[in-house]
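Undergrad: Just dropping this structure here.
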Amino acid sequence: MTNRFATQSLKSADDTAQLAQAVSSVLTTGDVLLLEGPLGAGKSHFARHAIQARLGRAEDVPSPTFTLVQVYETPDLDIWHCDLYRLSDPDGAIELGLEEAFETAAYLIEWPSRLGDLRPADAVTLQLAMGAGEDHREATFSGQPSGFRTRLESVLND
Amino acid sequence: MRASMTVLGIESSCDDTAAAVVFGTPDQATIQSSIVESQTDLHAAFGGVVPELAARAHAEKLDHCVELALRDAGLTLADVDGIAVTSGPGLIGGVLSGVMCAKGLSAATGLPLIGVNHLAGHALTPRLTDALHFPYLLLLVSGGHCQFLIVKSATDFRRLGGTIDDAPGEAFDKVAKLLGLPQPGGPSVEAAARNGNPKGFALPRPLLDRDGCDMSFSGLKTAVLRMRDQLVEADGGLTEQSRNDLCASFQEAVCDVLAAKTSIAIKAYKGLSPATPSFAVAGGVAANQAIRGLLETVCTENGIAFSAPPLALCTDNAAMIAYAGLTLFDLGRSSDLSLSARPRWPLDQSQAPMLGSGKKGAKA
């Protein structure tokens, strides 16, 4: 994968949750994290823990597969949790208002392949792949050099 | 006796566009017309249910739906006493176009306007269809929702618990996808399960051993995926019998979780000492005969009346919005033209959601 800058082997769902908390801590307005991986890889699980960590309270974070977008207002940042699984093409993403809103919040986007050309150039991709063990996942971060990438590197590589 | 009202309802918060006319009082209302323009049939031919996202498409269909609903009821706007519209939660584009349409009609006619919570529409439907008395226990289980609610009044809902991740309808759709069955997944998984052995595969029952009414279905989907991969590796492919057994085992796991949590919810509900203990299940997943049958059994065992609105009123529709609007108007409530769309709008805002996983703060 091009522009890969960090990898982690996750041994459990809790490991995935801890990674999500670390990523969440550096999120800021304008950040776009694309969550890739097959059904069951833990994309929603990751997003849920990232959002809950930032909210600082126990709020339900349901799967956005049916609603496509759920918006969370944290004390200092709006987080959009998007799931484009049900979209067939980028027109749908335009209708959702993703294009205009990319600059006003942070984004966690599942099934980002449906974004097509709307995929922001400085977005970071987190690929979650199934590992050898039942709850094992391989996490790979990639993206062009950007402020978001630099902030992620600071928490992922220590 | 309270005066009867005629209310026009508008719903466009998710995939469907709908309009309906309901007449009566909160205790006795009848549906005069109910129009639902669905995308499902159109897209089923292409192997998937594609959401109707376009606010523009909703807006175009809304005018037509309103016109048809009034025509079917044999009425004109001059006969209507109020306009109810879903103002959340849901897809923002869809909700907005419904709210704009309703505001336009209200501004043009001077009719009162009321914004209705989509979930309140579902939650109050058993009053419309089965004349249930408050308080009753409701399980709302659909593609996007799964929660237990005690409905105390038209404006007072207590959430006992719900899914902490996927809704069962979503799990059915994704399992169908994983097993190469057609969408929508609910009916196709149910059909395959009929020819399968529910004990064929051991699948997890997440959160079954926990107190409370919270549920989790995401891990069940992942377990089905693992099992499929093991079968494909062992047998060189997925046999029809294995697929049927997997569907039956999956469906039974969902049934077991819903049944166990319904028992817990009934106990909590009975703590309120309701005069006529009643349970209702609403939402598209209530169409599943195995789930419906089991819930009915659980109610019988617990000495509580079971009801399920007809399927057309379990899934998204505007009659429920018109009826909920009617009950709110009856309480003297209304909205003004500043009514805004709310993508997120929990019914029970008094209560912090209960998180079943307890994984938050795992480092601590």
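Undergrad: Amide H to amide H, which residues 5 or more places from B:A167 or on other chains are under 5 Å from it, using H placed in the peptide plane?
TA: Hits under the 5 Å cutoff: A:S63.
Undergrad: Okay, moving on. Percent antiparallel among DSSP beta bridges with both residues in chain A, to the nearest 5?
TA: 60 percent
Undergrad: When only C-alpha pairs under 8 Å and at least 6 residues apart count, what is the relative contact order of the range B:134-312, in percent? Display every interim value, and only then the final one.
TA: Values: 331 pairs, mean separation 47.1, N = 179.
After rounding, I find 26 percent.
Undergrad: Compute the helix-to-body angle for B:92-109: its Cα long axis versus the longest principal axis of chain B, expressed 0 to 90° and rounded to tens.
TA: 20 degrees
Undergrad: By DSSP, what percent of the beta bridges with both residues in the range B:134-312 are antiparallel, rounded to the nearest 5? Write out the running numbers ahead of the final one.
TA: Working: 12 of 20 bridges.
In the range B:134-312, DSSP labels about 60 percent of beta bridges as antiparallel.
Undergrad: Residue separation times 0.36 nm, minus the C-alpha to C-alpha distance between B:D156 and B:K267: what's the value?
TA: Roughly 38.0 nm would be gained on extension.
Undergrad: Between B:H122, B:H64, B:H145, find the one with the highest GNM mean-square fluctuation for chain B; connect C-alpha pairs within less than 10 Å.
TA: Looking only at B:H122, B:H64, B:H145, the biggest GNM fluctuation is shown by B:H64.
Undergrad: Just to confirm the filter: which chymotrypsin sites (Phe, Trp or Tyr not before Pro) across the range B:190-270 are DSSP coil and have at most 13 other Cβ within 10 angstrom of their Cβ?
TA: Filter output for the range B:190-270: empty list.
Undergrad: Something else: Cα centroids of the range B:267-290 and the range A:120-147: how far apart, whole angstrom?
TA: Using only Cα atoms, the two centres lie 43 Å from each other.
Undergrad: Any chance you could give the angle, 0 to 90 degrees and rounded to 10, that helix B:218-235 forms with the longest Cα principal axis of chain B?
TA: So the inclination is approximately 40 degrees.
Undergrad: Just to confirm a number: summing +1 for Lys and Arg and -1 for Asp and Glu over residues other than A:N3 whose beta-carbon lies under 15 angstrom from that of A:N3, what do you get?
TA: The answer is 0.
Undergrad: Further, regarding this structure: Excluding B:D235 itself, calculate the net charge of residues whose Cβ lies under 13 Å from the Cβ of B:D235, where each Lys or Arg counts +1 and each Asp or Glu counts -1.
TA: -2
Undergrad: Taking the Cα atoms only, what angle lies between the long axis of helix B:168-178 and the longest principal axis of chain B, rounded to 10 degrees?
TA: Its long axis makes an angle of about 50 degrees.
Undergrad: Hey, what number do you get for chain A at 222 nm if only DSSP H runs of n ≥ 4 count, each worth -39500 (n - 2.57), divided across all residues, to the nearest 500?
TA: Calculated mean residue ellipticity at 222 nm is -8500 deg cm²/dmol.
Undergrad: Looking only at other chains, what is the average number of their beta-carbon atoms within 10 angstrom of each beta-carbon in A:54-61?
TA: Per residue, the average neighbour count from other chains is 5.
Undergrad: Let me ask something additional. Are there trypsin sites (Lys or Arg not before Pro) in the range B:136-217 that DSSP puts in a loop and that have at most 11 other Cβ atoms within 10 Å, and which ones?
TA: For trypsin sites (Lys or Arg not before Pro) across the range B:136-217 that sit outside H, G, I, E and B with at most 11 neighbouring Cβ atoms in 10 Å, the list reads B:K199.
Undergrad: For chain A, which longest stretch is free of loop sites, where a loop site is one of the trypsin sites (Lys or Arg not before Pro) that DSSP puts outside H, G, I, E and B and that has at most 16 other Cβ atoms within 10 Å?
TA: It works out to A:58-158.
Undergrad: Would you mind checking the pairs A:K43/B:K261; A:K11/B:K174; B:K174/B:K270; A:K43/B:K61 and listing those with alpha carbons more than 30 angstrom apart? All intermediate terms of the calculation are to be shown ahead of the outcome.
TA: Numbers: A:K43/B:K261 26 Å; A:K11/B:K174 25 Å; B:K174/B:K270 35 Å; A:K43/B:K61 35 Å.
Check vs 30 Å cut-off fails for B:K174/B:K270; A:K43/B:K61.
Undergrad: What does the net charge come to around B:L208 if you take all other residues with beta carbon closer than 14 Å to its beta carbon, with K and R at +1 and D and E at -1?
TA: Charge balance near B:L208 sits at -2.
Undergrad: Could you tell me which of B:G9, B:T222, A:G37 has its Cα farthest along the dipole of the protein assembly as shown towards the positive end, charges placed at Cβ (Lys, Arg +1; Asp, Glu -1), taken about the Cα centre?
TA: My answer, from the dipole projection, is B:T222.
Undergrad: Mind listing the long-range amide H neighbours of A:F5? Cut-off is under 5 Å, sequence gap 5 or more, other chains count too, H placed in the peptide plane at 1.01 Å from N.
TA: A:F141, A:S142, A:G143
Coordinate-derived values only; no laboratory data. Nothing here was measured: the structure is a model prediction, and the numbers come from that model. Don't worry about glycine lacking a Cβ; one is built from the backbone with ideal geometry, like all the others, and counts go over all protein chains shown.
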